Amino acid sequence: VVIGGGFVGAEVASTAYALGLDVTVIEAAPTPLAGPLGEAMGAVVSALHADHGVRLLCGVGVKGLSGERQVEAVLLEDGRSVPADTVVVGVGARPCVEWLEGSGVVLDNGVKCGADGRTSVAGVVAVGDCANWYDPHTGGHRRVEHWTGALERPDTAVATLLAHGAREPGAPRPPYFWSDQYGVKIQFVGHAAGADSVTVEEGSTDDRSFLAVYRRDGRQVAVLGMNQPRLFTRARKQFGTAAS
């Protein structure tokens with residue numbers, strides 16, 4: 001049983017399925033992946049579970065686990081019991097920044113930073129999962145828990161340190177991530193939150209091979225690809241210009 005239908009949970013479920021295991025995914029939200037992808041595309045991507053015979057239970061929370069010496073079942077809040085030999089929990093992350101309390105560094109869902117990584121303390125920058133950078137594209141702060149964010153943002157943060165405050169902060173690159181599930185490559189760039197439309201521009205959702213573009217007020221704000229790496233790579237290269 002996998003508790004949590006996000007990308008970590010989905011990848012674990014996919015791997016367990018490939019190993020020949022009987023898998024159930026439990027997700028408290030009505031639609032898995034609705035946060036990062038929006039409800040419509042979240043439903044499409046999470047349908048990969050059903051495509052491969054993996055049981056998906058949505059809209060129900062977990063009350064606890066049962067078993068004597070080892071886990072035997074996952075107990076749901078609606079009274080159901082799901083048999084389990086192994087349980088994996090992937091329900092999100094919380095930044096561990098308590099050690100910075102009282103340091104003078106402003107904390108707000110992590111370390112609060114400007115668009116260039118600078119914190120409230122001169123000469124101090126922050127990058128990684130705990131860094132809550134300002135994003136001019138959305139007009140708010142956002143922690144990016146993706147591998148590419150940790151890879152790309154140090155360049156910006158170092159440039160900020162070397163400029164000694166003389167550098168005008170530029171907009172960070174739109175967040176990008178990918179996920180491989182059930183042999184399908186899922187790629188995403190941008191922000192689904194706030195989009196007022198999403199359009200499939202190539203391929204078909206039924207075939208699990210398509211390119212979808214998210215827009216807000218007619219402006220492109222995100223791109224999702226399933227099994228379309230070539231088209232997605234081209235769209236991602238154009239995205240930075242379109243989103244700026």
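The values are calculated or read from the model by the stated rules, or taken from the named source; none is laboratory data. Computed from a predicted structure; not experimentally measured. Heads up, the Cβs are rebuilt from the backbone with ideal geometry, glycines too, and the neighbour counts pull from every protein chain shown. All accessible areas refer to the heavy atoms of the entire protein, side chains included, with ligands and DNA or RNA removed. Shrake-Rupley method; radii C 1.70, N 1.55, O 1.52, S 1.80 Å.
The table that follows gives values for the structure above.
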{"item": "H141 accessible area, assembled protein chains, probe 1.4 Å, Å²", "result": "80 Å²"}
{"item": "Rounded, prolate or oblate (a/c below 1.5 giving rounded, otherwise prolate when a/b exceeds b/c) for the range 17-169 by Cα gyration tensor", "result": "prolate"}
{"item": "Inter-centroid distance (Cα atoms) of the range 84-119 relative to the range 210-233, Å", "result": "29 Å"}
{"item": "Helical mean residue ellipticity (222 nm; -39500 (n - 2.57) per DSSP H run of 4+; nearest 500) of the chain", "result": "-8000 deg cm²/dmol"}
{"item": "Separation of alpha-carbon centers, the range 174-206 and the range 14-39, rounded to whole Å", "result": "16 Å"}
{"item": "Loop trypsin sites (Lys or Arg not before Pro), the range 1-110, which have at most 15 other Cβ atoms in a 10 Å radius of their Cβ (DSSP)", "result": "R69, R80"}
{"item": "Value of relative contact order over the range 73-185, rounded to a whole percent, pairs C-alpha under 8 Å and six or more apart", "result": "19 percent"}
{"item": "Calculated FRET efficiency for the pair W147/R215, C-beta based, R₀ 25 Å, to 0.05", "result": "0.40"}
{"item": "Helix 147-163 axis, angle to the chain major axis (alpha carbon atoms, nearest 10°)", "result": "10 degrees"}
{"item": "The chain, relative contact order [Cα under 8 Å, separation at least 6], %", "result": "13 percent"}
